[in-house]
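One structure is given here, and the rest of the page talks about it.
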């Protein structure tokens with residue numbers, strides 16, 4: 001078999017990837033520990049921090065998407081079967097879609113409650129729907145369900161990456177790992 005290393009992603013894409021991973025871990029912890037949102041809940045403390053992290057994640061994801069489209073990215077590993085390349089593309093697309101949908105449904109749900117969404121108190125963002133909007137209520141309710149779907153897709157993504165290491169013994173995961181202490 002003609003084997004040559006598959007090109008890695010660049011530093012910016014790796015940075016975006018791992019920054020989003022870290023932010024999603026923090027965001028999930030905030031969502032898990034913040035008080036339950038009920039009628040009359042105010043966007044204070046952990047709720048406000050959760051909203052701010054959501055906005056920040058959305059901004060980083062948009063930057064990541066622009067970077068991905070605007071700069072050359074390595075081709076899929078040519079040693080992988082076509083079905084794996086298609087599955088990887090579908091999962092990656094779904095991850096982008098789910099994260100951006102979570103940001104929007106959270107923002108819309110907050111707007112529907114009449115909350116001002118800010119980026120860590122520094123920048124007020126516009127309301128996406130009017131207070132009391134039925135669309136805001138419906139999409140706010142959808143937000144929590146999408147979290148479960150995202151966790152399942154992230155789990156699938158992690159299992160697939162680990163399967164490449166353990167079963168495939170290939171370089172698929174290495175393409176996205178930082179260079180910490182190893183030669184390029």
Helix 45-70 vs. the chain, principal-axis angle (Cα, 0 to 90°, nearest 10): 40
For the chain, what does the helix formula give at 222 nm: sum of -39500 (n - 2.57) over DSSP H segments with n ≥ 4, over the residue count, nearest 500 deg cm²/dmol? -21500 deg cm²/dmol
Which of the three applies to the range 66-151, rounded, prolate or oblate, going by the alpha-carbon gyration tensor with a ≥ b ≥ c and a/c under 1.5 meaning rounded? prolate
So, for the Cα atoms of the range 11-176, Rg and Dmax in Å stand at 17.8, 56
Does anyone have the angle between helix 11-33 and the longest principal axis of the chain? Alpha-carbon axes, 0 to 90°, nearest 10? 40
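Taking 8 Å as the Cα distance limit and 6 or more residues as the minimum spacing, I'd like the relative contact order of the chain as a percentage. Could you put the intermediate results ahead of the total?
On the way: 178 pairs, mean separation 45.2, N = 184.
Here the relative contact order equals 25 percent.
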What do you get for the angle between helix 134-163 and the principal long axis of the chain? Use alpha-carbon atoms, 0 to 90 degrees, nearest ten. 20
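The numbers here are math on the coordinates, done by the rules we state, and not lab data. Since we're looking at a predicted model, the values are computed, not measured.
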